[in-house]
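Each remark here refers to the structure printed beneath this line.
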């Protein structure tokens, strides 16, 4: 018979990590096999027995002279084997092994990890891949991380410029409105990512960066509004009513549709308008940088809904119903803050002459038209017919986002 292996711990005690060597020596032994343990630590038998009791291994005393030098025999148990016998991988064996439905019991385990049975079950309700996924998510996340920018480094806050008071007030009013819009654009993805099972971490990460983008936009829009020491502009009831409807949509796809595809999609047109008509370099910089970020948000929203539309034929009906519900909820709203509308006209006009104001008013009308065309284009990409896209775009809030 093959003699039982013997492990010599020397002076190493259990309070110094001796269990690692015992554990390693037992790893390849079958249940019932014995491991002799020798060592010079005075407390070795006591500590070894306590460790084995916790892990389901047996311990027996050495047999007199035949076991010279042996402090104790460890009998390999099977409790640890049984404990892990029912363990599952959190997805596939590799970190990229994404499954269609995440097990809530995986909790916060890393994707691909062997999950010890038991433990807490966090309350993630978005556990189905198709409810949150877009194949472009990992690529967009990598792009978003690479494209992060620091306001103090890339914006020339100390640029020299002088604007007439009326023009500066128009800039401040528009910036006040942008801050208001970004408040909701920050909250919605932050709420959604907290509900997503960590198995779909690329979407979580992307939404986290999206929230960070919006936080940065809040900062730069507010800083531009206060750059010349004035006070912020006005906030209308209708504007807050419109934005509040985005906070009440619990469905991930519908919330993404209303905010990113329709709202932020229109926001892209607004930021392009402000870039074209910015009366100073700081306003131009903050709107141009924000637009780059917002384009990623819209790209994810469209890609996610295209993915879900491919697996859920009923999606477009639900999207239509969401637009109609929001339109009905805002049926008594007066639409865009008049102060914001007038400020956009003033910025596009650039001067106080009848002809300039006419041009400014026409520019804002064209902005509305561009927004409508952009919404229709994205709706067509989601599979709506041209007439349906036109109808749904017309129902979008006049508050832009």
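Figures for the structure shown
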quantity: The range 161-209-the range 89-131 distance, computed between alpha-carbon centres (Å); calculated: 30
quantity: Principal-axis tilt of helix 354-381 within the chain, Cα atoms, nearest 10 degrees; calculated: 40
quantity: Alpha-carbon radius of gyration plus Dmax, which is the widest Cα pair, for the chain in Å; calculated: 31.6, 113
quantity: Percent of C-alpha pairs per 10 Å bin, the range 30-134, short to long; calculated: 13, 29, 19, 17, 14, 6, 1
quantity: q = 0.13, 0.14, 0.20, 0.24 Å⁻¹: log10 I(q)/I(0) that the Debye formula gives for the range 106-187, counting C-alpha atoms only; calculated: -0.80, -0.86, -1.19, -1.26
quantity: Rg ratio (alpha-carbon, reference 2.2 N^0.38 Å) - the range 128-269; calculated: 1.19
quantity: Net lengthening on full extension, residue 46/residue 385 (0.36 nm per residue, minus Cα-Cα); calculated: 114.3 nm
quantity: Spherically averaged projected area of the range 329-401 from its Cα convex hull (nm²); calculated: 5.7
quantity: Anisotropy class of the range 154-206 from Cα gyration tensor, a/c 1.5 cut; calculated: oblate
quantity: Cα long-axis angle, helix 237-247 against the chain (0 to 90 degrees, to the nearest 10); calculated: 30
quantity: Acute angle (nearest 10 degrees) that the helix 18-27 long axis makes with the longest principal axis of the chain, alpha-carbon atoms; calculated: 80
quantity: Rh (Kirkwood; distinct C-alpha pairs) - the range 6-82, Å; calculated: 12.4
quantity: Rounded FRET efficiency, nearest 0.05, which uses the C-beta distance separating residue 147 from residue 306 and R0 of 22 Å; calculated: 0.45
quantity: Where labels lie 7 Å past Cα in the beta-carbon direction, separation of residue 28 and residue 6 in nm; calculated: 2.0
quantity: Sum of -39500 (n - 2.57) over DSSP H runs of 4+, divided by residues of the chain (222 nm, nearest 500); calculated: -18000 deg cm²/dmol
quantity: Stretch gain in nm, segment residue 88-residue 222, where the contour uses 0.36 nm per residue and the Cα spacing is subtracted; calculated: 43.3 nm
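Read-outs throughout are calculated quantities, based only on the coordinates presented, and are distinct from any laboratory measurement. From a predicted model like this one, the values you see are computed outputs, not experimental measurements. As a convention, Cβ positions derive from the backbone with ideal geometry for all residues, glycine included, and neighbour counts pool all protein chains shown.
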